[in-house]
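Worksheet: the structure to be examined is printed underneath.
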């Protein structure tokens, strides 16, 4: 729109181009649907209003005015009490000086549109009626709080730099977006969205107020007029054609409100009405200072694009863009927190402190990705955290934790850490194999059947040799024959010992068994050869053998049970053999058979595992 057409539009609307731009402008011409409003006016029920202190005891009025809340260009808002429901309400009426039909129709039109909207962010309209004195009156919910514009003034020093304060105001704007999205879905366009028209309740409520310029399907038949608050107006509002107004017009007003949150100034500010409207008609993009987050600046410029097609299509789309910004901001704060945790140069005396710190950093990244899936910065930071955690677990020799982290990283594990992990895995595998071998070595159940078979064979062979000894050496005096029998025992024991070595050599207990049998056979053979060569008496030879066989299980690491008791019994028999020559042969034979019997029984019974 050029300057001349704009001047013509202002002239048609009865507006002075040099007027101050701060107040709302616009006239209501109901000629096109005046009959409809007059019909509604005729249907209004009486709603008597009393005023303190003029209330009488028999007064039938259910609305009692007790104070004033504020006033606008044509109306007054008063605080009233509704005794029947025991609550305070807000009463809106015309100023006495403006109480004529045209203004009454305007109030009725506003109440009609406002009352059709039921949303948590829109003040409910309780009733509308006719008071004999005040004319049409509208009863609304009483909202206690402050105008958003006042809150912005209070927080100006913290905006937009303080993230917490900025988020608070963005969430207020998001609630206004919710109200407008609801209104647009019902064909209602507000046309005067600005911070001063938003009320903040005591308990966090956000209400979009003042629907005096709102249009719906019925009111869109109004004659053309310039309507709105110039510093916030969209380009199509300057043209004065109600048919040009749609949901994207309110999106522009939301963007202009966001601009004020970010900068503290209005989007189309100017010294005069003409300058404000000129800026609104042009609506050039704004270059925001570095204090304003880049994404918020882009959102604001898109919402306030000159061409409606370039704006967010709906108030909900703008709300979602703000929500995405907050999610991104929250995610970035989490990434920054992870960076601080990862880079912390602290002395960690607690061995678990480093693990906790790295876990917290990874958790922050996970939360960031939950808020913003696919966020590259969060994914990169998460990878750094995983690598740092992997290095920490390797330093702490926690192989299981390191393997889990390596699995999460996949092929992104650095070569240095991969090599360390492989080396530790090999070391652990080697140690595990060693432990498993030790466990098998000392498992008495391994090769127990082989040991039992060998013990039974030894019992049979020794019993035959003992029988031959008694038959061939009845007096037990020929040490040469005893040496020969010892040699026979050694020769006969070699094949089973060799077979036992093949089957039992792979466990410590099996090797112990083989070695004790070899030691016992060698001790018998060598002892008898020494006795024969030294011409020693047989009873001393028997005593020596008994003593050697008694002490051998103690000298050689043996799995036999009751070794100490057996050694004591054997030493006692050795002394008996030395002291009783006539009984020495019998005592010796009984001892040998006893040892073999113990060997058979020991291997026949299950053992408890030892280590």
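The calculated FRET efficiency for residue 463 paired with residue 506, based on their beta-carbon distance and R0 = 25 Å, is about 0.25. Expressed as a whole number of Å, what is the distance separating the alpha-carbon centroids of the range 150-211 and the range 369-384? Using only Cα atoms to place each centre, the spacing works out to 31 Å. Listed from fewest to most Cβ neighbours within 10 Å, the set 194, 141 follows the order 141, 194. A protection proxy built from the mean count of other Cβ atoms within 10 Å ranks the segments 537-548, 259-270, 564-575, 329-340, most packed first, as 537-548, 259-270, 329-340, 564-575.
Spin-label model, residue 146 to residue 515: label points 7 Å out along the Cα-to-beta-carbon direction sit 9.1 nm apart. Distance between the 7 Å Cα→Cβ label points at residue 408 and residue 344: 1.7 nm. Against the compact-protein benchmark of 2.2 N^0.38 Å, the Cα-based radius of gyration of the range 66-146 scales to 1.06. Approximating the spin labels as points 7 Å out from Cα along Cα→Cβ, the residue 218-to-residue 282 distance works out to 4.1 nm. In terms of overall dimensions, the range 142-260 has a Cα radius of gyration and Dmax of 14.8, 46 angstrom.
Mind giving me the FRET efficiency for residue 306 and residue 449? R0 is 56 Å, r the Cβ-Cβ distance, nearest 0.05 is fine. Write down the numbers at each step before the final one.
Working: r = 97 Å, r/R0 = 1.73.
Calculated transfer efficiency: 0.05.
Arranged from fewest to most other beta-carbon atoms within 10 Å of their beta carbon, 63, 387 become 387, 63. When 207, 252, 182, 232 are arranged by Cβ crowding within 10 Å, least crowded first, meaning fewest neighbours, the order is 182, 207, 252, 232. FRET efficiency for the residue 529 to residue 456 pair, using the beta carbon distance and R₀ = 30 Å, is estimated at 0.60. Mean separation of Cα pairs under 8 Å and 6 or more residues apart, divided by the residue count, gives the range 62-138 a relative contact order of 23 percent.
Bear in mind that the values in this text are calculations on the coordinates, not laboratory data. Everything numeric in this text was worked out from a predicted model, so none of it was measured. As a convention, Cβ positions derive from the backbone with ideal geometry for all residues, glycine included, and neighbour counts pool all protein chains shown.
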